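These notes concern the structure reproduced below.
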Amino acid sequence: MNITVFLGAPGSGKGTQAKKLAQDKGFFHFSTGDMLRAEIKKGTELGTKARAYIDKGELVPDTVMIELIEDSLLRVRRDGNVLLDGFPRTLAQAKALDSKQSTSVGLSILFEVPETLLIERLTGRRSCSQCAEPYHIVFIPPKVSGLCDKCGGKLTQRTDDTEDVVKRRLEVFKRQNDELLHYYASKKNLARIDANRSVNDIQQELSHVIEQWYTLNHSVN
Ligand code: AMP
């Protein structure tokens, strides 16, 4: 299994790029945030437990997250290319992945965006409650305020994209990120991407970085 992890602050665009890579190149994409939100929607025990942390902008405990990602990776075929988006977020999570040879991380990519832009990016995010189409009240506004251009569904805001919770999420990110970067940099598998550019420009550089890495180190299908 070739595992690539996307690192970066909330709102740095990891999810958008991960979805594109999964569509275009067949990567198995796991977004732990999306997985937890799906559990909340289904009303499971895990969802109820996770919600208490998510709504405050805190991290869900490592033991819960490690089990969730390990179970997910069991479903991937051995020669699959995997993208982890939102995991690991702590050093303990990173070490847990690397503790098994089959799930050790090949490449980590940091999405760099100036902090001042993140609050505006996050608090302006909306998505359609019916088809999940993403919007932003300033950067990608819908034609009719509050309604989806595609299906007319009502646009909603994530409960953790309000200003107070966003500030807490960014604090938590800063607290954990240095350790994680240090960990991957010492393993010499950290790449950095300027993520304050257009989606297409980032996508091109990302494909190039990933292809180059795996051409030198492994083979990507
Ligand atoms: P995201 O959609 O990636 O911004 O994640 C939303 C929220 O889910 C985070 O603020 C955390 O509360 C929780 N979460 C997602 N991934 C993790 C993780 N790897 N470790 C701990 N909490 C997580």
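The values are calculated or read from the model by the stated rules, or taken from the named source; none is laboratory data. Here the structure is a predicted model, which is why all the values come from computation and not from measurement. No Cβ is skipped: glycine too gets one built from the backbone with ideal geometry, and neighbour counts run over all protein chains shown. For the accessible areas, the whole protein counts, side chains as well, though only heavy atoms, and no ligand, DNA or RNA atoms are used. Shrake-Rupley method; radii C 1.70, N 1.55, O 1.52, S 1.80 Å.
In this structure Arg175 has an accessible area near 140 Å², from a 1.4 Å probe over the protein heavy atoms. Backbone amide hydrogens, once placed in the peptide plane, bring Phe28 within less than 5 Å of Asn81, Val82, Leu83, excluding anything fewer than 5 places away on its chain.
Solvent-accessible area per residue in the chain equals 54 Å², computed with a 1.4 angstrom probe and all protein chains kept.
Over the stretch 73-135, with every protein chain in place, what whole percent of the accessible area is carbon and sulfur at 1.4 Å, could you tell me? Show your work: numbers first, answer last.
On the way: 1500 of 3040 Å².
Solvent-exposed carbon and sulfur of the stretch 73-135 make up 49 percent of the total.
Taking 0.36 nm per residue of separation and subtracting the current Cα-Cα distance, fully stretching the chain between Lys95 and Thr63 would add 10.3 nm.
Dividing the mean sequence gap of close Cα pairs (under 8 Å, 6+ apart) by how many residues the chain holds gives a relative contact order of 29 percent.
Apply 1/(1 + (r/R0)^6) to the Cβ-Cβ distance of Arg77 and Gln23, taking R0 = 22 Å, and write down the FRET efficiency to the nearest 0.05.
On the way: r = 18 Å, r/R0 = 0.84.
Calculated transfer efficiency: 0.75.
What is the calculated FRET efficiency for Ala185 to Ser102, with r their C-beta to C-beta distance and R₀ = 25 Å, to the nearest 0.05? So the FRET efficiency works out to roughly 0.60.
Here's how it looks for Leu110: its modeled amide H is under 5 Å from those of Leu7, Ala191, Arg192, Ile193, which are all 5 or more places away or on a different chain.
Note on Glu70 and Glu163: the model spin-label points, each 7 Å out from Cα along the C-beta direction, lie 4.2 nm apart. Compactness of the chain is given as radius of gyration and Dmax, 17.2, 51 Å, from Cα positions. On full extension, the segment bounded by Lys143 and Lys41 gains 33.9 nm, given 0.36 nm per residue less the C-alpha separation. Here's how it looks for Leu147: its modeled amide H is under 5 Å from those of Leu155, which are all 5 or more places away or on a different chain.
Express in whole angstrom the spacing between the alpha-carbon centres of the stretch 10-58 and the stretch 68-126. A separation of 11 Å, based on Cα centres. Between Lys167, Lys56, Lys42, find the one with the highest GNM mean-square fluctuation for the chain; connect C-alpha pairs within less than 10 Å. Among Lys167, Lys56, Lys42, the largest mean-square fluctuation in the Gaussian network model of the chain belongs to Lys42.
Residues in the stretch 144-155 carry Karplus couplings, in order, of 10, 3, x, 10, 6, 5, 7, 10, x, x, 7, 7 Hz; the curve used is 6.51 cos²θ - 1.76 cosθ + 1.60 with θ = phi - 60°, and Gly or Pro positions show x.
Relative contact order for the stretch 1-96: what is it in percent, counting Cα pairs under 8 Å that are at least 6 residues apart? Don't skip to the answer; put the middle values down first.
On the way: 105 pairs, mean separation 47.7, N = 96.
Here the relative contact order equals 50 percent.
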